[in-house]
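Have a look at the structure below, then the notes.
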Amino acid sequence: MSQVATEPDTRSAPSVEPPSRWQVAMRDILGGSVIISILAVVIALVIGAILIAITDPGVQKASGYFFSRPTDTFQAIWNSVSSAYVSLFQGSIYNFRRPTFAGGIRPLTESLTFATPLIAGGLGVGLAFRVGMFNIGGRGQILIAAGVAGWVGWSFNLPPVIHLVVAIIAGLIGGALWGGIAGLLKARTGAHEVIVTIMLNYVAFYLLSYFLRTPGLFQAPGSNNPKSPPVKANAILPPMFGDQFNLTWAFVIVIAMTVFVWWLLSRSSLGFRFKAVGENPNAARVAGIDVKNVYFVAMLFSGALVGFAGISQALGTFPQGITADLDASIGFDAITVALLGRSRPWGIFIAGLLFGALKAGSFTMQAANNIPIDIVLVVQSLIVLFIAAPPLVRAIFRLPTPGEEPKRQRPIVTKEVAAK
């Protein structure tokens with residue numbers, strides 16, 4: 001009789017070497033948040049280019065005879081998109097068509113002017129995010145801080161530097177107290193901060209509107225318009241590079257605020273408690289951290305930081321008098337900046353610069369190329385969309401997930417059938 005036996009092959013399977021440290025580092029870099037943010041901006045700009053080409057009359061005309069002369073269509077697309085983005089650059093960074101350096105660099109100063117309140121608001125919103133809270137009340141905190149700072153600016157006669165410092169401090173206190181209301185209600189009653197801050201936006205808007213329409217309160221004397229008196233010269237944030245530029249020293253203060261928030265979150269014990277509560281409030285409570293007090297203190301800081309956006313508007317951008325629409329959607333744009341910056345101080349700073357440049361350049365792009373300014377808003381929205389969906393960006397560019405081990409090939413074990 002013959003016996004059939006199945007024996008596994010005793011030959012050793014090829015070994016798979018573990019990835020080196022450089023390979024692991026490269027995988028973490030390519031799949032990290034920084035690359036995701038950069039690629040989100042790239043994708044948004046590409047989609048924006050498509051929208052620009054679609055809405056351009058020259059492209060539409062050339063596409064009518066695409067099959068007879070396709071090169072005309074591609075040339076029209078290139079002219080439309082390149083002209084739009086060149087105008088965006090010239091309106092936000094440097095205008096090479098200006099004869100002097102001061103005139104050419106003016107767009108950059110405008111970008112920094114637009115970025116200043118966005119960075120301040122983004123720092124406040126990002127700080128609340130790190131504690132696990134959603135500060136949607138930026139508009140209210142901006143209006144209250146601007147109203148308080150402006151009131152100090154036009155109502156008192158103080159020495160030059162002291163007047164400005166007192167006005168800024170008063171505005172910071174106003175924004176902090178308005179944000180602290182939401183923190184106090186969450187800490188003591190469990191009220192959700194999203195609902196509370198949204199409602200406080202309406203309260204602040206109508207309260208400031210009432211003050212601006214009431215003689216003897218905030219309304220300018222002898223005027224029927226809902227506008228405040230101009231801020232006195234001693235309380236105005238001075239321009240950094242002379243009166244021909246709108247950029248004020250508020251931008252330097254915002255840089256100092258970014259450094260402060262970085263130090264607070266990375267080097268202080270209070271920042272450690274903030275992050276601990278944001279990661280897991282139950283574990284923080286077991287560790288002996290007063291979670292309720294952290295919520296209240298965090299919203300005080302958040303309200304003060306967001307409030308500086310209103311202070312820079314009242315004392316720097318619009319010292320001739322404030323109105324109830326002073327915030328100009330900065331409170332909601334700050335949420336976008338905080339998301340793009342991953343709630344980290346320097347990330348928020350860079351995101352604020354980007355959005356300030358988009359805002360400044362959009363006006364030039366619209367004027368020079370007759371492109372709807374809404375396209376820039378679409379680009380901003382797409383940036384947020386892709387930032388909020390990292391797996392989508394990784395799938396588009398085939399990027400690895402940080403910390404994930406590469407899939408190893410399983411060794412194939414062969415079987416040999418031998419007849420004996």
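The values are calculated or read from the model by the stated rules, or taken from the named source; none is laboratory data. This is a predicted model, so every value here is computed, not measured. Cβ coordinates were reconstructed from backbone atoms using ideal geometry, including for glycine residues, and neighbour counts include every protein chain displayed. Surface areas here come from the heavy atoms of the whole protein model, side chains and all, with no ligands, DNA or RNA. Shrake-Rupley method; radii C 1.70, N 1.55, O 1.52, S 1.80 Å.
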Expected output for the stretch 26-46 (first residue more than 17 Å from TYR85 (Cα to Cα) and of a type in the set (Val, Ile, Thr), partner modelled with pLDDT of 80 or more and surrounded by fewer than 19 Cβ atoms within 10 Å (Cβ to Cβ), Cβ below 8 Å, 6+ apart or cross-chain) is ILE29/ILE35; ILE36/ARG394
Would you point out the residue of the stretch 116-157, among those that are modelled with pLDDT of 90 or more and outside any helix (DSSP H, G or I), that is surrounded by the most Cβ atoms within 10 Å (Cβ to Cβ)? GLY137
Single residue of the stretch 86-115 satisfying the filter (outside any loop (DSSP other than H, G, I, E, B) and without any contact (Cβ under 8 Å) to a residue 60 or more places away in the chain) that is nearest to PHE355 (Cα to Cα): LEU108
Please verify whether the stretch 308-324 includes one or more residues that are without any contact (Cβ under 8 Å) to a residue 24 or more places away in the chain and either touching a Pro at 6+ places or on another chain (Cβ under 6 Å) or farther than 30 Å from PHE218 by Cβ (or both). no
Contacts under 8 angstrom Cβ, first residue in the stretch 213-227 being modelled with pLDDT under 85 and outside any loop (DSSP other than H, G, I, E, B), partner surrounded by 11 or more Cβ atoms within 10 Å (Cβ to Cβ) and not hydrophobic (A, V, I, L, M, F, W, C), 6 or more apart: none
Sort out which residues of the stretch 228-239 are touching a residue at least 12 places away in the same chain (Cβ under 8 Å), part of a loop (DSSP other than H, G, I, E, B) and either closer than 22 Å to VAL161 by Cβ or open to solvent by 50 Å² or more (accessible area, probe 1.4 Å) (or both), and write them in order of number. PRO229, PRO230, VAL231, LYS232, ILE236, LEU237
Cβ-Cβ under 6 Å, sequence separation 6+ or interchain: first residue in the stretch 163-191 and free of Cβ contacts under 8 Å to residues at least 24 places away in the same chain, partner open to solvent by less than 60 Å² (accessible area, probe 1.4 Å) and not in a helix (DSSP H, G or I). Which pairs? LEU185/ALA191
For SER37, state whether it is of a type in the set (Ser, Thr, Tyr), in a helix (DSSP H, G or I) and at pLDDT 65 or above. yes
Among residues belonging to the stretch 325-342 that are surrounded by 21 or more Cβ atoms within 10 Å (Cβ to Cβ) and part of a loop (DSSP other than H, G, I, E, B), point out the one that is nearest to the chain's Cα centre (by Cα). GLY341
Looking at GLY310 and the list (1) surrounded by fewer than 23 Cβ atoms within 10 Å (Cβ to Cβ); (2) assigned to a helix (DSSP H, G or I), which single condition is not satisfied? (1)
Restricting the stretch 240-293 to residues that are among the hydroxyl-bearing types (Ser, Thr, Tyr) and surrounded by fewer than 18 Cβ atoms within 10 Å (Cβ to Cβ), the residue that is nearest to ALA360 (Cα to Cα): SER266
Quick check on the stretch 362-371. Is at least one of its residues open to solvent by less than 10 Å² (accessible area, probe 1.4 Å) and not basic (Lys, Arg)? yes
Is at least one residue of the stretch 214-226 surrounded by 19 or more Cβ atoms within 10 Å (Cβ to Cβ), of a type in the set (Phe, Trp, Tyr) and closer than 26 Å to ASP290 by Cβ? no
